[in-house]
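The block underneath contains the structure these notes are about, expressed in structure tokens.
Values quoted throughout were computed directly from the atomic coordinates according to the rules given, and no laboratory measurement underlies them. As the structure is a computational prediction, the values presented were derived from the model and not from experiment. As a convention, Cβ positions derive from the backbone with ideal geometry for all residues, glycine included, and neighbour counts pool all protein chains shown.
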Amino acid sequence: MGLNKVFLIGRLGKDPVVTENDNSTMARFTLATNINYQDADGNTKEKVEWHNIVVFGKRAVACQKYLKKGSQIFIEGCNATRSYQKDGQTFYITEVQAQYDIQFLDSKD
């Protein structure tokens with residue numbers, strides 16, 4: 001038995017890039033989240049963590065329509081690792097697939 005679930009609230013690092021192929025729509029973007037911690041001297045520090053996000057189907061279309069760099073969102077999804085070939089080498093990338101829930105948190109302008 002296992003569990004693969006991710007909850008994130010953050011801001012987009014770039015506008016969503018949407019691709020369509022064979023009845024499938026996919027949006028990709030980066031999401032920045034912040035982690036606060038205390039250093040050895042007790043000072044509060046902030047670290048930015050970047051996440052690669054993938055959204056499919058109607059949600060991808062909505063992301064393209066309503067989101068832009070700096071938009072704040074909530075994502076519920078799972079981690080997924082994929083591989084690709086470049087110059088004869090295999091590279092692996094871990095992404096968050098926002099397949100369960102995505103909420104746009106910015107005010108309606």
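Here are the numbers:
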| quantity | calculated |
| --- | --- |
| Residues in the stretch 4-48 reached by a label modelled at F91 [backbone nitrogen below 12 Å; 7 Å Cα→Cβ] | none |
| Ranked V6, V55, V96, criterion: other C-beta atoms within 10 Å, fewest first | V6, V96, V55 |
| Which listed pairs, of K5/K86; K14/K108; K58/K86, have C-alpha distances above 25 Å, in listed order | K5/K86; K58/K86 |
| Residue-span extension gain [R28 to S107] - 0.36 nm each, minus C-alpha spacing | 26.2 nm |
| Selection from A32, Y66, V48 lying farthest towards where the dipole of the stretch 24-73 points positive, charges on Cβ | Y66 |
| Cα lying deepest toward the dipole's positive end in the chain, options N21, I93, S107, charges on Cβ | N21 |
| Net charge dipole size for the chain [Lys, Arg +1 and Asp, Glu -1 on Cβ; Debye, nearest 20] | 240 |
| Percent RCO, i.e. relative contact order, over the chain, from Cα pairs under 8 Å lying at least 6 residues apart | 29 |
| Which labelled figure in (i) 42, 16, 12; (ii) 20, 16, 14; (iii) 26, 20, 14 is semi-axes √(5λ) of the Cα gyration tensor in Å, once derived from the coordinates | (iii) |
